[in-house]
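One structure below.
Nothing in this text is a laboratory measurement; each read-out follows from the coordinates by a stated rule. Computed from a predicted model, the values in this text were never measured in an experiment. We place every Cβ from the backbone using ideal geometry, glycine too, and count neighbours over all the protein chains shown.
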Amino acid sequence: MPDCLFNPIAPKVVTRHHQGSMIPTFPPVTSRKKGSRLNRTEILRILRFGAVGALGTLLNTLLVWFFLSIGFNHLGWHPADHTVVTAAATMAWILCCGTNYLLNAFWTFHHWPPHWRQALHYYSTALISFGAQILILNLLVYLLVTERPIETAVLNGVAVATGALLNYVAASLWVFSPNRHPLRRHAR
C-alpha cells in the first residue's frame, strides 16, 4: 500500500486500474488553497523588502564611511566621537531614506505613483526606525571602542540592519497597506 494512506498530511491518492495494475494518481497542482498563494506573495514581498533594505544598508554604510573618512582625514574628527558618528549617520539616513521609499513603493509594495501623504507616513516610520538605529549604533560604539572610520561604518551597518524589522512591520501594516493608497481609495 502507498505510504500516503497512512500519513494524514500526504495528499489523497486515487488508484485507477490500467491494464491489470493499480496506478496511483495525485490531485492536480491547481487544487491548492488560497491561503498558500497569499503566503507566497507575502514571502516575495519580504524578500523584495529585504533586497531594498540590503541595498539601502550598503549605501548607508558606504556613506557613513565616506563622511567619517573625510572628517577623520581632513578635519581631525575621531570616528568614535558620538557626535561625529550621529552626524554622519544622520546625513547618510537623509540620503538613503528617499531612495528606499521610492524603491519600496515601486517594487516591493507596487504602490505607484508615490503620494506625498504616503511619503509622510513612510518617513515617520523610518524616523522611528532611525531612532532605534542611532541608539543601537551609539551603544555599539560605546561598548566596542573604534579607532578607524571603517570600524564605525561596519557597526552602523549592524545598527541599520537591526532597525529593518521595525521598519518592515510599520511599512507593511501602515504605509503600504492595500487599503491606504490615496489614489486607489478615491478610484473606488
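Taking the inverse of the average 1/r across all pairs of different Cα atoms in the stretch 34-180, what Kirkwood radius in Å do you get? Mind showing how you got there, number by number?
Values: mean 1/r = 0.0628 Å⁻¹.
Result for the stretch 34-180 stands at 15.9 Å.
Calculate, for residue 117 and residue 90, the FRET efficiency according to 1/(1 + (r/R0)^6) with r their C-beta to C-beta distance and R0 22 Å; round to the nearest 0.05. Display every interim value, and only then the final one.
Values: r = 24 Å, r/R0 = 1.11.
Efficiency computed from Cβ-Cβ geometry: 0.35.
Could you rank the peptides 61-71, 78-88 by their average count of other C-beta atoms within 10 Å per residue, with the highest value first? List each step's numbers first, then the result.
Numbers: 61-71: 20.5, 78-88: 18.1.
Per-residue Cβ counts within 10 Å, averaged per peptide and sorted highest first, yield 61-71, 78-88.
Let me check I've understood the local charge: for residue 68, count other residues with C-beta under 15 angstrom from its C-beta, Lys and Arg +1, Asp and Glu -1. What total comes out? Each step should come with its number before you reach the end.
On the way: positive: 148; negative: 81, 147, 151.
Around residue 68, the charge tally is -2.
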